[in-house]
């Protein structure tokens, strides 16, 4: 089994991409002059802190980088979907449909969810000892 440092190197690009997209999403809130309810903002701040921790661990090639990147990717992707895509369901809801946001905001949320889940999947695959599937064009 590869060392945790090699595993951390393998998920580093996705870790940076996921954290970057989470920051872009946060900046989109500012662009729209939309400040979510306190409960949602609290989750956002927690996610931001977790992202900073995961990036710091990945940069340092820490042995916890991959497991925490896995958790961060899945939690952030599912959390964004639950908070912004689902209709209002709880104190932690802030659906984009409420604000009639533009296509840019929907695109940012969609890409962020995909990249976060890709980080979770990539880290999980590495943790389980597999390698990500190779994307190759088939021959006819």
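Tabulated data
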quantity	calculated
Within a Gaussian network of the chain (alpha carbon springs, distance under 10 Å), most fluctuating of 27, 117, 14	27
Acute angle (nearest 10 degrees) that the helix 4-31 long axis makes with the longest principal axis of the chain, alpha-carbon atoms	10
Bins of 10 Å from zero: percent of alpha-carbon pairs in region 4-127	15, 46, 28, 11, 1
Angle between the chain longest axis and helix 65-80 axis [Cα atoms, degrees, rounded to 10]	30
Principal-axis tilt of helix 38-59 within the chain, Cα atoms, nearest 10 degrees	20
Förster radius 22 Å - calculated FRET efficiency between residue 88 and residue 32 (Cβ-Cβ, nearest 0.05)	0.80
222 nm mean residue ellipticity, helices alone, for the chain (DSSP H n ≥ 4; -39,500 (n - 2.57); rounded to 500)	-23000 deg cm²/dmol
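Quick note: the coordinates plus some simple rules give every number you see, no bench work behind them. Since the structure is predicted, the reported quantities are computational estimates derived from the model, not experimental observations. Virtual Cβ from ideal backbone geometry, glycine too; neighbours counted across all protein chains shown.
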